[in-house]
Amino acid sequence: MHTHHMTAESALSVITALDSHGVRACIGGGWAVDALLGEQTREHSDLDLWLPAADLDPLIVAFSGIGIDRVLPWGGDRPWNFVLHDGERLRVDLHLYEELADGLIHYGSVVNGDRFMLADLGGTGRVLDTVVHCEAPEWALQCHTGYPPREVDFHDVARLCAKFELPLPEPFRPR
């Protein structure tokens, strides 16, 4: 399968469509890092989005309007995490969470999901010249740990830590 690249223009078009339908989407993954940095520093194959599960219906409506109407089957599919695409360049990796009391959110299965703060998704960044909602820097950093780092992770983590003066996590420290 040839690699697709999600351009800044494409990412922004997705965000704009969701905004217009009242979907409370937060950019995650590699695009969150670039949004926090205020510039695109590498190519991205998709756009990761966090959103409340309650916003899935308006998301489907918004996406059908821009042609993102296919599920990309992959081994990791869960009801709270799956990929939608348009058959060409638009590919969105969705992460649906439940809102709990006191600013807490729950992501994943009932039994062993993750709990974190809504504030972790309260970052602000820029894609092109547009201000967007994205992961907070510390959370974006944490999302890059817990698995063996890939080349893109070294790239993202180094820039994130430098800009926000965060300590490099253990696997990323020079040996």
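The values are calculated or read from the model by the stated rules, or taken from the named source; none is laboratory data. On a predicted model such as this, the values are computed, not experimentally measured, just so you know. Here the Cβ positions follow ideal geometry from the backbone for every residue, glycine too, while neighbour counts run over all protein chains shown.
List of remarks:
- Some residue of the stretch 144-155 being among the hydrophobic types (A, V, I, L, M, F, W, C) and free of Cβ contacts under 8 Å to residues at least 24 places away in the same chain: yes
- The set of residues in the stretch 60-114 being over 17 Å from the mean Cα position of the chain (by Cα) and on the phi > 0 side of the Ramachandran plot consists of GLY67, GLY87, ASP102, GLY103.
- Taken across the stretch 167-174, residues that are within 21 Å of GLU43 (Cα to Cα) and exposed (fewer than 13 other Cβ atoms within 10 Å of the Cβ) do not occur at all.
- Candidate set from the stretch 109-150 (those that are loosely packed, with under 12 Cβ neighbours inside 10 Å and among the small types (Gly, Ala, Ser)); member that is nearest to LEU166 (Cα to Cα): GLY146
- The one condition in (1) surrounded by fewer than 16 Cβ atoms within 10 Å (Cβ to Cβ); (2) in contact with a strand residue (DSSP E or B) (Cβ under 8 Å, 6 or more places away or on another chain); (3) not small (Gly, Ala, Ser) that LEU49 fails to fulfil: (1)
- Screening the candidates ASP129, ASP153 for the property of being over 13 Å from TRP31 (Cα atoms) and modelled with pLDDT of 90 or more yields one hit, ASP129.
- Some residue of the stretch 93-108 being without any contact (Cβ under 8 Å) to a residue 40 or more places away in the chain, surrounded by 13 or more Cβ atoms within 10 Å (Cβ to Cβ), in a helix (DSSP H, G or I) and touching a strand residue (DSSP E or B) at 6+ places or on another chain (Cβ under 9 Å): no
- Residue match in the stretch 123-134 (condition: closer than 18 Å to LEU49 by Cα and acidic (Asp, Glu)): no
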